[in-house]
1. Determine whether the range 450-467 contains at least one residue that is at pLDDT 95 or above, of a type in the set (S, T, N, Q), in a loop (DSSP other than H, G, I, E, B) and within 13 Å of the chain's Cα centre (by Cα).
2. Tell me, please, whether a residue that is more than 9 Å from the ligand (Cβ to nearest atom) and either in a helix (DSSP H, G or I) or buried (at least 24 other Cβ atoms within 10 Å of the Cβ) (or both) can be found in the range 137-158.
3. Just checking, which of Ser142, Ser176, Ser134 is in contact (Cβ under 8 Å) with a residue 40 or more places away in the chain, more than 20 Å from Gly229 (Cα to Cα) and of a type in the set (Ser, Thr, Tyr)?
4. Pick from the range 172-224 the residues that are more than 16 Å from the chain's Cα centre (by Cα) and either within 11 Å of the ligand (Cβ to nearest atom) or at pLDDT below 95 (or both): which of them is surrounded by the most Cβ atoms within 10 Å (Cβ to Cβ)?
5. Looking only at the range 468-486, filter to residues that are crowded, with 23+ Cβ neighbours inside 10 Å and over 14 Å from the mean Cα position of the chain (by Cα); which one of those is farthest from the ligand (Cβ to nearest atom)?
6. Taking the stated definitions as given, is Ala442 within 26 Å of the chain's Cα centre (by Cα) and either modelled with pLDDT of 95 or more or part of a loop (DSSP other than H, G, I, E, B) (or both)?
7. If the Cβ limit is 8 Å and pairs must be 6+ apart or interchain, which residue in the range 223-241 that is touching a residue at least 12 places away in the same chain (Cβ under 8 Å) pairs with which residue that is basic (Lys, Arg) and within 7 Å of the ligand (Cβ to nearest atom)?
Amino acid sequence: DYFERFSVPAEVVSFVNRPVGHFIDGREILSAQDAIDLVEPFTQRMLTVLATGDLQIVDQAVRSSRKAFDGAWGRLLPLERQKLILRLAEAMEADADFLAHLEAIDVGKAISDARYIDVPGAIANFEYFAGWTSKLDGRTTSAVALPGETLTYTVKESLGVVAAIIPWNFPLQILSWKLGAALACGCTVVCKPSELTPLSAMRLAQLATEVGFPDGVINIVNGFGHVVGQALAQHPGVDKLSFTGSSAVGAAIGKTALDSMKRLTLELGGKSPVIVTAKADTDKAANAILSGIFMNSGQVCDAGSRIYAHADIHEELVAKLKAGAENLPIGPGLDPQSKITPLVSANHRARVLEHIGSAHAQGATLVTGEGKDIPYRQDNILRPTIFDRCAEDMRIFREEIFGPVLGVAWFETLDDAVERANSSIYGLAAAIYSQDVDETIALSRRIKAGNVYINAHGILDPAMPFGGIKSSGFGKDMGPEQLDGFLTTKSIYVQL
Ligand code: NAD
């Protein structure tokens, strides 16, 4: 069978084949509620069942995290917290192959990506934030309008209990984005993974307990978003909601969270534009564009999905994109050769297919990939698909597709390219390709987006903040900018 064909280690097989519960107070518990089927994306076979949490389970997890915050975790010195976070990173390194297998099996993603991007990215994030535990300083200030002698200073305090809601496309990495900074700041966290991809979060919680994290610092509650996610957004014991997911859910859950005045970070969807100027190196641009859209089979929030190519290089670029896309190895996630792998679920594949159908119907020109009649595929894969002659009013240029579908258009003036690039409701990321440094820097300042990549796409670093504007949300993950999301500043006045 599939797992034998790719020699999946026996301990991974037994981890994914047993019923998956919640992780609360240092141990896994199964709840009595109905379970969700966990389906492996390539074979479409049921792996196991996932417990579905309810209000009572969420309440139990939040209380446990509060107890840890007020108790064992809250009492640790910053350097002790740092040591534990580093120990977790070390344990993940020792467990890297296990974690990579879980991501490939759960998401269906390429195991080579899981090995070289997801797992090391998550580890680096913990290593980076471990160093911040000891540097969360306030400031002293000279009062400017107070008569007499006054000492004024600020202190940074941990916010409290954080709820982290995670999507399915990078389950481990995005979890690490939330956990790294939250733990560094002294918060405790109740995590809700996507109901499609809970496995790596469960493993991480296990590792954290093994290396000595006090019970309740990292709790995991599984189940449906509209039940468990909603319950977390409503729970009065949660101080901060950090959500990554779609803009529609983000807007709804944000309103709920504000009813109880929770602090809020929303990392949402995107439709990231890519400008390729007449001065681009089209070989390099084509390579980076292909990885920017087809990595993780297009299920990437900052995927560069709208190309604006200068008229002079447009045809040449499209020919290179076509050749490159047709060369990408397609296959199961567990095959180390695969680059294009199954989409996360049959439902999601159907959604992406609907978008491809609309691009055909609205008159975009198919360059390569899926035609109008797409056969049913048991393996849940869609071939990398490129459309040219896309127009601003086509859905392919307006809506997030979250699959291996790229749209291309051409432009004549940079002003026009910038205007069209900025015309989206989203503002997560953008990319610019040109060998002229002045041109790239100038363009980067005119683009409305949280992240701008120059001659690259999707390269991330833990020291750099990530997060969008407009319908892509607000607040940052990663970088020092993320820390303020988990801290509160207290102002202290001393009349001398
Ligand atoms: P989603 O919004 O459907 O789900 C995200 C999470 O929210 C899941 O855990 C889900 O169970 C939960 N959820 C769903 N409905 C809920 C509700 N009513 N109340 C509370 N929680 C609820 O998104 P998805 O399909 O898992 O992920 C894809 C989306 O995530 C895309 O739009 C993508 O752009 C976005 N994303 C953004 C970033 C970023 O950093 N900006 C990163 C990755 C993914």
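1. no
2. Checking the range 137-158: not a single residue is more than 9 Å from the ligand (Cβ to nearest atom) and either in a helix (DSSP H, G or I) or buried (at least 24 other Cβ atoms within 10 Å of the Cβ) (or both).
3. Ser134
4. Val221
5. Checking each candidate, the answer is Phe486.
6. no
7. Gly223/Lys192; Gly225/Lys192; Val228/Lys192; Gly229/Lys192; Leu232/Lys192
Residue-by-condition table, conditions (1) under 20 Å from the mean Cα position of the chain (by Cα); (2) among the acidic types (Asp, Glu):
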position: Ser345; (1), (2): yes, no
position: His348; (1), (2): yes, no
position: Ser358; (1), (2): no, no
position: Gln362; (1), (2): no, no
position: Glu370; (1), (2): no, yes
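The values are calculated or read from the model by the stated rules, or taken from the named source; none is laboratory data. In this text, all values refer to a predicted model and were calculated from it rather than measured experimentally. Here the Cβ is made from the backbone with ideal geometry for all residues, glycine too, and neighbour counts use every protein chain on show.
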